[in-house]
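This report refers to the structure that appears directly beneath it.
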Amino acid sequence: MDPVVSAVTDRIRGRSRETRAAYLERIAAAGRELRDRGPARGRLGCANLAHGFAAATRDDKADLRGTAKPGVAIVTSYNDMLSAHQPYETYPPELKRAVRAAGGVAQVAGGVPAMCDGITQGRAGMELSLYSRDVIAMATAIALSHDMFDASLLLGVCDKIVPGLFIGALHFGHLPAIFVPAGPMTSGLPNKVKARTRQEFAEGKITRLEMLDAEAKSYHSPGTCTFYGTANSNQLLIEVMGLHLPGATFVNPHTELRHALTEAAARRAVEITPHGDEYTPLGEVVDEKAIVNAAVALLASGGSTNHTLHLVAMAAAAGITLTWDDLADLSKAVPLLTRMYPNGQADVNHFHAAGGMAVFIGELLDAGLLHDDVLTVAGRGLDLYRSAPALKEGTLVWEERPPLPGGGSADPDVLRPVSAPFSPDGGIHMLDGNLGRAVSKVSAVKPEHLVIEAPARVFDDQLDLLRAFEAGELDGRDFVAVVRYQGPSANGMPELHKLTPPLAVLLDRGQQVAIVTDGRMSGASGKVPAAIHLSPEAAHGGPIALVRDGDVIRLDSVAGTLTVLADLSGRTPDGAPLTDAQWAGTGRELFHAFRRTVGPAERGASVFGNGCQG
């Protein structure tokens, strides 16, 4: 193993010893009960069980009355408004048939909400986005709380949905769980054209109708958006943690191979229940090594900054304490192997065609950057994930990719070996300084923009920055936009990705610009240098609340520092977060309790707290 990866893993294991042991003890007791006493529903009272199968088909009802067949829960995020989740419409009957053929019986246990950050970007609904992760975790727990099930199939793709399903399912960590992806839509408008069109619209050079036509060519069919944002980062990380079947992540929807993989996931869920020979509880799959593997994969792929929040919260649900210091140390040792938009012009379909997950995982394993000795839903050892799925005369098989000249990648502009990376370190850097701690995604930022020192221009609302841009107030000047009162406690920590196009316009005009915020910028953060997730946030009295227009700020993503070159002593905040009365509309008033209980960004911005939530 790489010495840094090994040391970070040992450090995480040491600090998590008590909480992890408590978690494992709890799920082990529940697992023993399942193995000793048969399918879970067998312990229900007659009235309880009758409620559980009242609406089932005749055949399923007969199976659910007995205890010969394991029960499999389907937890779905299906809705037909969001492209990524629309393919799930047909999954339940498909999964039920495959589970039945494998000797089990499946039921849709419940649904979870799935909101789209792309739709809510810059809108009030975005202020519910991060909170939705914990709502989804609770909804998953409600679905599994009926004690009818011996395994689960989790249907989710985007932003907060996968982390929420993951956290909720870990509270039933004695049950095996397999994530069943839907796959990305086919490639649409080239990313370079899309980015240029957005900047032209920000400058007023094209009409709204022209902009809408371009966006509709980018997001054009069922499937996940093809850029490498949080949704596709989710999918890549879940496979590296061994919770997808090998190679299932980036197969397009409604293809023969996609259907074959969906059916295979259902069959595998039956095989790994407590009543077979390959019992694979989720809580044992997600151990310290799996969490480190996910962190390495995030960095090596230049993945979403949202996972500096999500991974911390996901690990905590398994009794594991992951910190930003762990991510910072790993980032120095892990090379950047991919260039997918916004880090490059390729999308996830190009990555998949270049060799995709099999080559990516194989390269990191060979370099000692991933732990191989882990439990996965496919069996023991991450080495199983070097193989890619294929159909041979209608039969699903897994094959190792044949070697190619210069390595396993078919396109070195998209996917490279560890020996010739795009960058010697990971795409995410951690920043420290007298403003607090922050995250900086550098994989899409040009080297000449990695260090910026300029006067602050302070905003307490992203709309104020947009208005200043439209009025020409930001033209011809270097500045660091400080956008504050955007943290988890202030307003739910919305993504501020709508600010990227106007700031990119100014950057292209030769101005030195950057953004510093206690909010988020999204997995689609682009070429504008940014210090995000700043903690402590302004609403908690963080130093960012004391910054004034004209204070010089130095953002140095190379040295990992974030500093205000001004004396803040004696100052008091001149802004404030919205009051409960002001933070209303679009359902936000329903989440006042979340604002009061949510933790800081460094600890995952979760309402559940830290450590083993058992």
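Quick look at the values:
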read-out: Filter pass, Val483 being within 13 Å of Leu465 (Cβ to Cβ), aliphatic (A, V, I, L, M), touching a Ser or Thr at 6+ places or on another chain (Cβ under 9 Å) and in contact (Cβ under 8 Å) with a residue 60 or more places away in the chain; value: no
read-out: First in region 64-79 and over 18 Å from Ala266 (Cα atoms), second anywhere and in a loop (DSSP other than H, G, I, E, B), Cβ under 8 Å, 6 or more apart; value: Thr67/Gly38; Thr67/Pro39; Asn79/His85; Asn79/Ala114
read-out: Search result, residues across region 66-78 that are modelled with pLDDT of 95 or more and open to solvent by 80 Å² or more (accessible area, probe 1.4 Å); value: Tyr78
read-out: Number of the exception - Asp329 against (1) under 26 Å from Glu400 (Cα atoms); (2) open to solvent by 30 Å² or more (accessible area, probe 1.4 Å); value: (1)
read-out: Conditions (1) small (Gly, Ala, Ser); (2) free of Cβ contacts under 8 Å to residues at least 60 places away in the same chain; (3) surrounded by fewer than 24 Cβ atoms within 10 Å (Cβ to Cβ); number of the one not met by Ala195; value: (2)
read-out: Pairs, first among the acidic types (Asp, Glu) in region 366-390, second open to solvent by less than 40 Å² (accessible area, probe 1.4 Å) and in a strand (DSSP E or B), C-beta under 8 Å, six or more apart; value: none
read-out: Subset of region 414-433 (residues that are of a type outside the set (A, V, I, L, M) and over 22 Å from Val528 (Cα atoms)); value: Arg416, Pro417, Ser419, Pro421
read-out: Criterion: at pLDDT 95 or above, surrounded by fewer than 24 Cβ atoms within 10 Å (Cβ to Cβ) and more than 18 Å from the chain's Cα centre (by Cα) - qualifying residue of Pro281, Pro335; value: Pro335
read-out: Matching residues in region 39-55 - criterion: being closer than 17 Å to Lys69 by Cα, open to solvent by 30 Å² or more (accessible area, probe 1.4 Å) and outside any helix (DSSP H, G or I); value: Leu44
read-out: Strands (runs of 3 or more DSSP E) (entirely within region 414-503) containing at least 3 residues that are open to solvent by less than 30 Å² (accessible area, probe 1.4 Å) and at pLDDT 95 or above; value: 451-459, 479-483
read-out: Region 198-214, subset of a type outside the set (Lys, Arg) and in contact (Cβ under 8 Å) with a residue 24 or more places away in the chain, residue surrounded by the fewest Cβ atoms within 10 Å (Cβ to Cβ); value: Glu203
read-out: Sole exception among (1) open to solvent by less than 40 Å² (accessible area, probe 1.4 Å); (2) outside any loop (DSSP other than H, G, I, E, B); (3) at pLDDT below 95 for Leu364, by number; value: (3)
read-out: Within region 215-269, tally of residues that are within 30 Å of Pro494 (Cα to Cα), in a helix (DSSP H, G or I) and open to solvent by less than 10 Å² (accessible area, probe 1.4 Å); value: 11
read-out: Tally, over region 240-266, of residues that are within 19 Å of the chain's Cα centre (by Cα) and of a type in the set (Ser, Thr, Tyr); value: 1
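The values are calculated or read from the model by the stated rules, or taken from the named source; none is laboratory data. Quantities reported herein were computed from a predicted structural model and do not represent experimental measurements. FYI the Cβ positions are ideal-geometry reconstructions off the backbone, even for glycines, and counts take in every protein chain you see. Remember, those area values only see protein heavy atoms, side chains included, never the ligands or the DNA or RNA. Shrake-Rupley method; radii C 1.70, N 1.55, O 1.52, S 1.80 Å.
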